[in-house]
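So the structure is just underneath, and the comments pick up after that.
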Amino acid sequence: MSINKLSSVSMLFVIIFTTLELLGCSENLTDAEYLARAKDYHDKGEIQASVIELKNSLKKNPDNIEARWLLGNIYLDGGRGADAEKELRHASSLGLEQQAWLVPIVKSLYLQGKFQDVLDMKEDIAGLDDQASATMWALLGHAYLALEHPQKAHKAYDMSRSHDANEPEASLGMAKLALANDDLATARQWIDEALKDAPGFSDAWSFSGDLARYEGMAEAAEAAYTEAIKYKRWSGDDILKRALVRIALDKYDAAEDDIATIRKMGGRQAGADYAQGVLFLQKKQYKDAQLAFENVLSISQTHTETAYLLGVTHYIQGNKEQAYTYLGRYANRNPNYLPAQHLLAVLEIQRKDFAAARRRISPILILLPDDLLTLKLMSRIAIGEGDTAQAIEYIQRVAALEVAQDPESTLTRTRIGLSLMMEGNVERGRLALHEAIDLDKELKVAELALVISLLYQNNLVDGLAAASEFAARHPESPMALNLLGLAHAMNEQPEEARQTFERVLTIVPGEPGAAQNLASLAIADGDVKTAISLYEQILKHQ
């Protein structure tokens, strides 16, 4: 760059900085003028600009009570409880009247989870007007409810309504109490009452969305969260909830927009990563989901829902040890969540740790004796432990429940047939299994059950015939061919068995069942060398 060009550039910077200084000098306003501008921005909904002007006002005059009060309330609207409390207490110390600061400070304490501190403000209610007293009693009710004192909460809400029958915070509290008692209809009535009295009450809209999600009404939940977001500035929680609902509705682009909005709020956003992980999981992008959930846990180890979903994601990818670790972490904190306990039991069964699976599932069976998945897992545990009689009992209970739910189900008929045959009612069992096969030609489990049951009953001729038909129907199925080979072996047809198992290995090299059966035949013939070679083939592929 030439000297002349450098001088020109330097002069340009001088001009720019001089202009900026002159502009700065023209902004020599009083604290009252900055406050007036802040109010104007606030009325227009330009909140960030309002905050800047309020801070300018307080630089000019740190004792400007109204500026501190307004800044505290803006922080309160934005969910920044600690910042709100700081500004409001400062305003109080400067002489702001109690009527103006008490309720906002109590709200700021509640936002921070300082529920006992909220209750400690109870004595300050005296002297407030009816409206402020009603709000205060409702906030006390919220604190009691958070501390799991529902009866005291109910009394506080009644006190609130005695001061103002239309206090929306009290109606919201009554809705929460009703939901805690699983009385959805009453909860809906109370929340509708709150919104009738205060159509712009964002917390009531948010709860309405939660209630709709609980009822499985995703479209209604999305609409309610949208209303909550409209009335609450910086509503990150409601945006996150709406994103999750939109994922459930397959509105992926809209969910991505919500996630992007959360990220724009600044900082490392665990909520955004959580929603992103759920979205990836829904789209079957499992590795991406795993990374997103790991990001959440790197920010917040206490985000237990993430531990569960990360465990599921690892399970789907076949990472069983990692799945067991994360699912176990979740189950330790949420022992009553059945999907986690069931999946952990499945992993324990796959490990052949049947005792651990039984310890996990037995308490569930006591509480929920007709839970189908629990009964099915107990039957698998009993089979693994070699307790055939108990396995039959569980299978019969499953069959009876499924018949009641869907008498024509092919799986139901399969279980009935298997149960009957294991009881010794061979003909009735075979009839039920044949009915299942006729209903669904692709249902391998019914044919498999028929062959196994016939062989189990030592009906070797019919078992071989059924196995041959099964293999003919599924000529490329290792399961069907292995069963046919086993039927040949049990009928003392070693050469046919050997040929069938060898055919399996041409389809799936190293297939453990076929290779192990061939090894057993080789050992029976005294051919140890071939047996060793077959086991090595298994290890090569498995």
* To do: Count, please, the residues in segment 193-203 that happen to be in contact with a Pro (Cβ under 6 Å, 6 or more places away or on another chain) and either open to solvent by less than 50 Å² (accessible area, probe 1.4 Å) or among the polar types (S, T, N, Q) (or both).
  => 3
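Confirm whether Leu281 is more than 22 Å from Phe207 (Cα to Cα) and of a type in the set (A, V, I, L, M, F, W, C).
Yes: the conditions hold for Leu281.
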* **Count - residues of segment 278-307 that are outside any helix (DSSP H, G or I) and open to solvent by 40 Å² or more (accessible area, probe 1.4 Å)** => 6
* Give Gly127, Gly95, Gly113 a once-over and let me know the one that is of a type outside the set (Asp, Glu), surrounded by fewer than 18 Cβ atoms within 10 Å (Cβ to Cβ), under 41 Å from the mean Cα position of the chain (by Cα) and not in a helix (DSSP H, G or I). => Gly113
* Inter-residue pairs, beta-carbon under 6 Å, first over 20 Å from Gly510 (Cβ atoms) and in segment 469-497, second among the charged types (D, E, K, R) and modelled with pLDDT of 85 or more, 6+ apart -> His488/Glu496
* Structure fact -> How many residues of segment 371-397 are part of a helix (DSSP H, G or I), over 14 Å from Ala357 (Cβ atoms) and under 28 Å from the mean Cα position of the chain (by Cα)? The answer is 1
* Is it true that Leu454 is in a helix (DSSP H, G or I), buried (at least 18 other Cβ atoms within 10 Å of the Cβ) and free of Cβ contacts under 8 Å to residues at least 40 places away in the same chain? -> yes
* Asked: Hey, does segment 307-326 have a residue that's modelled with pLDDT of 95 or more, under 30 Å from Glu393 (Cα atoms) and under 22 Å from the mean Cα position of the chain (by Cα)?
  -> yes
* Structure fact -> Those residues of segment 214-248 that are in a loop (DSSP other than H, G, I, E, B) and either open to solvent by 50 Å² or more (accessible area, probe 1.4 Å) or free of Cβ contacts under 8 Å to residues at least 12 places away in the same chain (or both) come to a total of 6
* On the given criteria, is Asp250 at positive phi and of a type in the set (D, E, K, R)? -> yes
* Determine which single condition Glu148 fails, assuming it passes every other condition in (1) out of contact with any His (no Cβ under 9 Å at 6 or more places or on another chain); (2) farther than 18 Å from Phe201 by Cβ; (3) not in a loop (DSSP other than H, G, I, E, B). => (3)
* To do: Take Ala180 and decide whether it is more than 30 Å from Asp258 (Cβ to Cβ) and modelled with pLDDT under 95.
  => no
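The values are calculated or read from the model by the stated rules, or taken from the named source; none is laboratory data. Small disclaimer: the values here were computed from a predicted structure and weren't measured. Reconstructed Cβ throughout: ideal geometry from the backbone, glycine too, with neighbour counts over all protein chains shown. Heavy atoms of the whole protein, side chains included, go into the accessibility calculation; ligands, DNA and RNA do not. Shrake-Rupley method; radii C 1.70, N 1.55, O 1.52, S 1.80 Å.
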